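Below: one structure, written as structure tokens.
The values are calculated or read from the model by the stated rules, or taken from the named source; none is laboratory data. It should be emphasised that the depicted structure is a prediction, and the values quoted were computed from it without experimental measurement. Cβ: placed from backbone, ideal geometry, glycine included. Neighbour counts: every protein chain shown. Side chains included, ligands, DNA and RNA excluded: accessible areas come from the protein's heavy atoms. Shrake-Rupley method; radii C 1.70, N 1.55, O 1.52, S 1.80 Å.
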Amino acid sequence: MKTLWILENQLNKELEGFQKIDPKEDVILLIESEERSQGRKVHKQKLVLIISAMRHFAEELQKSGYTVDYRKAGSYTEGMKEHFKDYDSTTCLVHEPTDYFIHNLFDQKIRFEILSEKPLFIVEKKQWEKYLPKERPWKQEKVYKRLRKEQNILMDEERPIGGKWSYDTENRKPPKEGLGFEEPLKFPPDEITRAVIEKVKQEYPEHFGEVEDFSWPVTRENGLRTLDHFIDQRLKTFGDYQDAMMTEDPWMSHSLLSGVINTGLITPREVIEKAETAYHEGKAPLSSVEGFIRQILGWREYIRGVYLQSMPEYEKQNYFDHQNPLPAYYWTGKTDMHCVSTAVKEVIGHGYNHHIQRLMVLGNWANLLRVKPQEVSSWFLEAYVDAYDWVVLPNVLGMALYADGGLMSTKPYVSSGKYIQRMSNYCEGCSYNINDKTGDQACPFHALYWTFLEDHRNLLKNNPRMRLMYANWDRQKSAQKEAILKKGHKLLE
Ligand code: FAD
Ligand code: SF4
């Protein structure tokens, strides 16, 4: 008799293990671990999403004739021990877990057989040695092009369809008055989800965020409905407004698929295939389809590769030696900075922000404030429904904070408030003045941005992509620069 242990983010029947077990003889194990729920005070909606998705998945497996041991245990290790006491199992099959810490749970006394994680990712773990070799820094564009060719996605024989690999420059339209999008699908909680919501409210009241508005898909069926609705109704506007932010719309034209993809309920390949078909059927322009596929084939895969190739040292990175604590308003949204408070309040309500809010508002601001990178990554792990170690660490430490000194991205994504002003309508509702640089009501991003550049000049001055910024700064009058630096250092105090 064999056991197939399915982890919380591997909820997919296409996984290899399902071909290796006999439904009549073998048993599938799922563990709802108290230690995992309690360990970090993750967003309540993330707990509901994972636990409800696991319970639905177990029910579906039982209905299809599998024997399922669904265990509520103190920890994964305890769950394993109890399972092997109750079942006469000789081997435990488990799919390659991406998150590093899970490997430590493989009890030496149990015979584990590690299986391929396909189809949860397009690139298999062992291939990353080839794509991200020892010579560094790594370049996302290079990996993306290579994957487009090898996987034959959006290709016209050897050339990219449309002649360009990336339509990034066409994906940066600012929002305009009256801009609106088709609403995303919402899923009112069913009986299983309602029970989990009650459990989370009772047992984890101290965890981050609110759970009242929970409406994320927790089954493959509803994940596919979200995907189809996005492809039919929202993909066409994804490209143009990919980087735009609006106070009144937390979702914009984004897919809201990260939660269901990261639990394994739907696979990156089926998402990419549907998007590519939509292009061939004329449902969405190439700039939107390429922009969307780049997020999954380009970024999601690359981020995982960086994690696999650089852990465990990666999580300790602190290139700028930032040591400040994260301000309390990252948990409450209580700040006069309208951009930050809007993004945090959306996180509290839904466990979600789209990419630019994470990168250019919350990540950027934490970096300008010189918050210790590990405090920032810890917040990101707690805040979002789609957060897992493998995806948070490179996105936060690498992309948002440049704490890895440029291992995976070419320059820090720091910016003054001008970027937020251009790409959102946040500044219109803010008590700070975006056009004031040094006065009492001046937008604080401004002074902190230039102070960051000046204070880290030695670490950044030779970066070719930073030259223009330093040239702009150096051109300013010394009295103006002095006033900005004085304000910046005062804000840091
Ligand atoms: P869309 O904008 O519709 O994009 C489509 C899909 O592309 C996403 O569902 C996701 O699967 C994938 N994707 C896009 N960008 C990335 C990326 N950089 N890394 C990995 N996948 C990507 N994504 C997470 O899944 N979990 C996280 O915890 C997470 N933390 C982030 C932290 C920071 C600081 C930054 C800058 C980005 C983070 N991302 C994370 C990536 C990205 O912001 C989210 O995947 C995206 O906002 C999810 O919303 P969506 O499904 O509507 O995405
Ligand atoms: Fe944010 Fe500054 Fe704009 Fe206010 S003025 S919303 S703080 S960028």
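Assorted remarks:
- Unique residue being touching a Cys at 6+ places or on another chain (Cβ under 8 Å), in a helix (DSSP H, G or I) and within 14 Å of ligand 1 (Cβ to nearest atom) when the list is V361, V391, V347, V396: V361
- K176 being closer than 28 Å to T263 by Cα, open to solvent by 90 Å² or more (accessible area, probe 1.4 Å) and more than 24 Å from the chain's Cα centre (by Cα): no
- Residue in the stretch 162-173 that is modelled with pLDDT of 95 or more and open to solvent by less than 20 Å² (accessible area, probe 1.4 Å) present: no
- When Y413, Y419, Y426, Y432 are screened for being near ligand 2 (Cβ under 10 Å from one of its atoms), under 23 Å from the mean Cα position of the chain (by Cα), among the aromatic types (F, W, Y) and surrounded by fewer than 22 Cβ atoms within 10 Å (Cβ to Cβ), only Y419 passes.
- Any hit, the stretch 274-292, residues being away from ligand 2 (no atom under 16 Å from the Cβ), within 19 Å of the chain's Cα centre (by Cα) and surrounded by fewer than 19 Cβ atoms within 10 Å (Cβ to Cβ): no
- Flag if Y329 is in contact with a helix residue (DSSP H, G or I) (Cβ under 8 Å, 6 or more places away or on another chain) and surrounded by fewer than 18 Cβ atoms within 10 Å (Cβ to Cβ): yes
- Residue within the stretch 445-453 that is in contact (Cβ under 8 Å) with a residue 60 or more places away in the chain, buried (at least 21 other Cβ atoms within 10 Å of the Cβ) and under 26 Å from E248 (Cβ atoms) present: yes
- Residue count for the stretch 138-156, restricted to those that are assigned to a loop (DSSP other than H, G, I, E, B) and surrounded by 13 or more Cβ atoms within 10 Å (Cβ to Cβ): 4
- Per-region count, the stretch 83-92, residues open to solvent by less than 50 Å² (accessible area, probe 1.4 Å) and without any contact (Cβ under 8 Å) to a residue 24 or more places away in the chain: 0
Table: residues versus (1) within 25 Å of Y329 (Cα to Cα); (2) open to solvent by 10 Å² or more (accessible area, probe 1.4 Å); (3) in a loop (DSSP other than H, G, I, E, B).
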site	(1), (2), (3)
V211	yes, no, yes
R225	no, yes, no
K236	no, yes, no
D243	yes, yes, yes
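- None of L393, L468, L401 is surrounded by fewer than 16 Cβ atoms within 10 Å (Cβ to Cβ) and of a type in the set (A, V, I, L, M, F, W, C) except L468.
- Matching residues, the stretch 301-323, being open to solvent by 30 Å² or more (accessible area, probe 1.4 Å) and assigned to a helix (DSSP H, G or I): L308, Q309, E313, E315, K316
- Of all the residues in the stretch 249-293, those that are assigned to a loop (DSSP other than H, G, I, E, B) and without any contact (Cβ under 8 Å) to a residue 12 or more places away in the chain number 2.
- Where S341 falls short, out of the listed (1) away from ligand 2 (no atom under 13 Å from the Cβ); (2) hydroxyl-bearing (S, T, Y); (3) more than 20 Å from V392 (Cα to Cα): (1)
- Note on the stretch 413-442: among residues that are assigned to a loop (DSSP other than H, G, I, E, B) and touching a His at 6+ places or on another chain (Cβ under 6 Å), the one that is nearest to M466 (Cα to Cα) is S416.
- Residues satisfying the stated conditions in the stretch 117-137, i.e. part of a loop (DSSP other than H, G, I, E, B), out of contact with any Ser or Thr (no Cβ under 9 Å at 6 or more places or on another chain) and modelled with pLDDT of 95 or more: V123
- The stretch 93-137 - residue that is of a type in the set (F, W, Y) and open to solvent by less than 90 Å² (accessible area, probe 1.4 Å) and, of those, farthest from T77 (Cα to Cα): Y131
- Against the conditions (1) without any contact (Cβ under 8 Å) to a residue 12 or more places away in the chain; (2) more than 24 Å from A244 (Cα to Cα); (3) exposed (fewer than 14 other Cβ atoms within 10 Å of the Cβ), P188 satisfies every one except (1).
- Selected residue (only one of L453, L407, L397, L460 is away from ligand 2 (no atom under 16 Å from the Cβ) and within 16 Å of the chain's Cα centre (by Cα)): L397
- In the set (1) surrounded by fewer than 23 Cβ atoms within 10 Å (Cβ to Cβ); (2) within 16 Å of ligand 2 (Cβ to nearest atom), E375 fails one condition alone, (2).
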